[in-house]
Every structure is written in C-alpha cells, then in structure tokens.
DNA sequence: ATTAATTTGTATGCGCGCTCACAGAGATCA
DNA sequence: TGATCTCTGTGAGCGCGCATACAAATTAAT
C-alpha cells in the first residue's frame, strides 16, 4: 500500500506540477543519449544535475582501486537518479554509467531548486524519494554486515523480485537479466561464488536458472532465509508498470 | 565548508523557526528519560516521532537473529534522529536504544509535518539532513562491499576522527570512548579481530590505544589506506561544538 | 559462416576471519 | 577491601569464500 504509492510517486513527481512550471523545467532540461558503458557523471563531478531516465538502464556504482565494481543501484526508465544533486552539498561520490544504450533527461540543479521552492509538492516528493532510497540502502547495509554470501544472494533475489518480479505459473520470473558478474557486484562477492550458489539454490528447488534469467520457484522460502516478508508480486512487474506509465505521460506531453 | 554547514544545520534547524512555530513544537514535544540500554523505538513501531537527543548517547542498530548487534549510527547531544518518521511511509526497520542514560525530546510526526508545511526552511533542512545521512550510509556501504576487516576498521577510525577528533600534540584524539565490541559491531566484525587489528596498527605506529581510548598518530596515512582524504580536525571536536551550541540555544530558550 | 567476445561451469589451494576457550587487567559497587 | 562485572589480550582450529586457471557454451560481430 504505502509501498505502491512510492513507486508511482517517483515519476509522477513531475505530473503534479502546474503546466507553467513544467514548461519551465522542460525548457531547461536537456536530453542526451549515452552509449553502452559511457558515464553520465563521475565522482568529484561538479555537474549537479537531476537526471530522469527516459530509456535504457543506468548503473549507480563505484569502482575500487583494485578494479572491482560495486553496484549500488539500478535505474530503470521513468526513474529519477542523481537526485542528491539538489542538495548542492554534493561532491557526488559515486558514478553513474549506462548499462545499455540510454537516453537521459538532465535538469540543472539550480533550475530544479528554483521550481522546487515554488512547489511544495515537488519538494516533499523529492524528500520522500531521498528518504525512501535511504531506507533501502540501510536495509542493504544491514544485510551486508553479518551475512554470508549465500544469504546476501538470497536477499538480493528477494529485492529483485519486489521490483522486477512477474508472477508466472511456475513461480516468479525476474524481468531483468543480470549476469553472474553483475549479481556478484551488487552483493560484494565474486562471479564464481555466485555461479556456485545459484547452482545450489537450483538443486534445492528454490529457483531455476537459465542464461541471465532467474525464475524464483519458492519466493516465500527464499524470503524466510533472510527473515524478510515475501514481497507481493503481480503478473506484471513494478518496473514495467512504472516505465509504461512514464511513457504514456511523456508521449502525451510531447505531442502538445 | 559545505561539510561544516551541515553539522551546524542539524540542530540549528529549529533555530530558524519563528517563535510562534517553536512554541507550537515545544507544546507538542515531550521530553523523556531513558535508562542505559532501554529502547527509544523498535522495528515495526508505529510511533512516528522525530527525536532530538538532549543528553546522553543513542545507538541506531539492528540485531540479527543470531544475536549479533549491528550499529548503524551513533547519535550525540544536539542531533536529530528518527527523522525518517516525517515520511509517514515508515515502518521503521531499525532500533534506537540508549547507549548510556539519555534524555530525548520527541515530537509527534503529525505535529512536525504540520510545522514543516508552514516553514520551507525547516522542510529544506530536513531534506538536507536526510540526504546528508544517506550520503554517509552510501559511503559506508561502499566501504563494506570489497574491503577487508583491516580496511573497514581504518575507514571507521577516519570517520570517527572527522566527527569526534580533537587535535592534540601527539596526534588526533577521539573524544568518544568505544569498546572493541562496539567497534566490531559497526564494521561487522568480531571483538577478537578488532583487538588484534588495533594491536597491529599500534605496532605500525599509526595509532595508540589505551582502554576505550584511541589516539590517531598519523591520520593522513590512515586515510590513505582507504583512499580517503584526511578530514580536517581542530582542537575541539565537531561533536563537542555541536553539543555546546545546542546547550546554549536550549538554555536561553528555557529561561524565557 | 567464422571469428571474436561474453557468459557460464568446475576444480584446487590457501588465507582471512570466525568460533571457542581461557586468563589477566581494569572498573564498579558493596 | 573484596567481590563481581566488563573489557582486553592471546592462541588453536577450521571453514567460507577468494584467487587462479581452464574449458565449454552462447551470443555478437564481420
């Protein structure tokens, strides 16, 4: 209930704005295309723009000096990212890169702040967005502190199910395809360990794995391993709903 | 520069309010005393109050089913905590407990939100606070993902120096006393490992340890280990400044 | 269709860090 | 001052997960 509101609220932030304010934002906003692997922003970047993903997929990550990649978040179409830029406190410490070819709408921080000041709804919306993501990060932090690789992987699968899960006959299908390497980068493990663990979980009948595809057969049992409530999953994933709503909203607007 | 602003901003949030609004808040606020070890709030708690620590020390933590304690943050006098309560989205997932005997000023979320609506400064301040803490948590998450126990401990010491460090002749003294067990709970390790690592760091001349006391002899070298800039430390710690300013502010107000 | 690049599977050794167990040292309170 | 409790130091054993190495299976590119 409260959760669902959040997911929609993310992009509908902009919908609640008046037409004049929207026009103001759109005038300032710049749409840019990024090819696979290219960076949207990097650490110690002074370009303080709030970003909205129109198409593609973005990875928020930071790489260790030894060359390991830590994925902090994945952004799907219709989602906002780089929102900490509105607090001009930022040296952005992280890096955003296009996981696949993507187009991004970028709004300079100054302009965004200006509109925010005249629109309490937007201000509150941003606050909630930041707070929501903070709660999510805290959950991940807790999950990392004292958990084994296996538990971390289970927790990740449950979280992915919540966001990308689609109910099918055989179980919950993840509408996102991630390589073992990417999974490892999210939970701070290695590719080989993930391969092994996925194999084990499959043997135990908890999941089925195909190439870059995961089908969760017993979401409840998986969630129980990490003492989490099993998320509610419908026959269409949150991520898909969000993206579709976003496309509808923007296409009608762009026609005008 | 931007950092310093943040630290003050935390408590001075309330100072920027008009007298009538402050009076409104104070009428609704309730001051409560907590004995050592008692809980201010617990997971799945519906008591959505924003809390301000007047005296003592609070631990934000969550305990694993195996009984291990994970410390997510430490709160000092003059600091706000439980601020996610203002986004009534919350099931609070964490637990706040008094590390020592403490007194807390609690403001019901509804009242807080009401004042926030009529005070953009407060709203912006809270947003920045939440954002600032989110940035801090993200840094910790990065630090946990691919780092050894030793590196995690070094990172923690650097962070503690930033907040609790006081410049002395021999080095930077931490104005907070934490047991090895507590340090371990922050970095997700064990008491024994921390004991060993502190001993090693001492042998290497990086720090000096006494009972519950740490003196950092070479902050820059310590920071270099975890590729962090060495924080600026004066002869009085941020935490002390904050607490003192807070006491001044409240004492004058309470006299009226 | 062939080549190149990416993804996945598997096995071996080894080291970090956890568990368990115990002892001394320092606090705290009667 | 003695008793109890908390904090710190140290060692032995061991298992998880990493590093490394190699090969097969898919996909992408030309």
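The values are calculated or read from the model by the stated rules, or taken from the named source; none is laboratory data. Here the structure is a predicted model, which is why all the values come from computation and not from measurement. Note that each Cβ is placed from the backbone with ideal geometry, even for glycine, and that neighbours are counted across all protein chains shown.
Would you confirm, using the coordinates I've provided, whether residue A:150 is more than 13 Å from chain B (Cβ to nearest Cβ), part of a helix (DSSP H, G or I) and modelled with pLDDT of 85 or more? Spelling it out, residue A:150 is indeed more than 13 Å from chain B (Cβ to nearest Cβ), part of a helix (DSSP H, G or I) and modelled with pLDDT of 85 or more.
The residues of region B:211-222 that are more than 8 Å from DNA strand D (Cβ to nearest atom) and without any contact (Cβ under 8 Å) to a residue 24 or more places away in the chain, listed by number, are B:220, B:221. Within region B:63-79, the set of residues being in contact with a helix residue (DSSP H, G or I) (Cβ under 6 Å, 6 or more places away or on another chain) and within 19 Å of residue B:45 (Cβ to Cβ) comprises B:69, B:70, B:71. Residues in region A:166-198 that are more than 23 Å from the chain's Cα centre (by Cα) and more than 8 Å from DNA strand C (Cβ to nearest atom): A:169, A:170, A:193, A:197. When restricted to residues that are within 14 Å of chain A (Cβ to nearest Cβ), over 21 Å from residue B:56 (Cβ atoms) and in contact with a strand residue (DSSP E or B) (Cβ under 9 Å, 6 or more places away or on another chain), region B:153-183 contains 0. Restricting attention to region A:189-210, the residues that are within 14 Å of chain B (Cβ to nearest Cβ) and at pLDDT below 95 total 0. For the structure I just gave you, tell me whether residue B:158 is touching a helix residue (DSSP H, G or I) at 6+ places or on another chain (Cβ under 6 Å), more than 12 Å from DNA strand C (Cβ to nearest atom) and under 20 Å from residue A:94 (Cα atoms). It is true that residue B:158 is touching a helix residue (DSSP H, G or I) at 6+ places or on another chain (Cβ under 6 Å), more than 12 Å from DNA strand C (Cβ to nearest atom) and under 20 Å from residue A:94 (Cα atoms). Within region A:37-62, the residues that satisfy the criterion of being within 16 Å of DNA strand C (Cβ to nearest atom) and either in contact with a helix residue (DSSP H, G or I) (Cβ under 8 Å, 6 or more places away or on another chain) or within 20 Å of residue B:134 (Cα to Cα) (or both) are A:59, A:61. Residues that are over 17 Å from the mean Cα position of the chain (by Cα) and surrounded by fewer than 19 Cβ atoms within 10 Å (Cβ to Cβ) were ranked within region A:120-143; the one that is farthest from the other protein chains (Cβ to nearest Cβ) is A:121. Within region B:104-117, none of the residues are out of contact with any strand residue (DSSP E or B) (no Cβ under 6 Å at 6 or more places or on another chain) and within 13 Å of residue B:56 (Cα to Cα).
Assess whether residue B:239 counts as being touching a residue at least 40 places away in the same chain (Cβ under 8 Å), within 15 Å of DNA strand C (Cβ to nearest atom) and not in a loop (DSSP other than H, G, I, E, B). Taking the combined requirement at face value, the residue does not satisfy it.
Picking from residues in region B:211-225 that are away from every other protein chain (no Cβ under 14 Å) and either surrounded by fewer than 19 Cβ atoms within 10 Å (Cβ to Cβ) or part of a loop (DSSP other than H, G, I, E, B) (or both), the one that is farthest from DNA strand C (Cβ to nearest atom) is B:220. May I ask you to verify whether residue B:158 is buried (at least 21 other Cβ atoms within 10 Å of the Cβ) and at pLDDT 90 or above? For residue B:158, the condition - buried (at least 21 other Cβ atoms within 10 Å of the Cβ) and at pLDDT 90 or above - is met. Looking only at residues in region A:65-109 that are more than 20 Å from residue B:134 (Cα to Cα) and without any contact (Cβ under 8 Å) to a residue 12 or more places away in the chain, the one that is surrounded by the most Cβ atoms within 10 Å (Cβ to Cβ) is A:65. Applying the criterion of at least 1 residues that are touching a residue at least 24 places away in the same chain (Cβ under 8 Å), crowded, with 22+ Cβ neighbours inside 10 Å and within 10 Å of DNA strand D (Cβ to nearest atom) to the strands (runs of 3 or more DSSP E) found wholly in region B:164-210 leaves an empty list.
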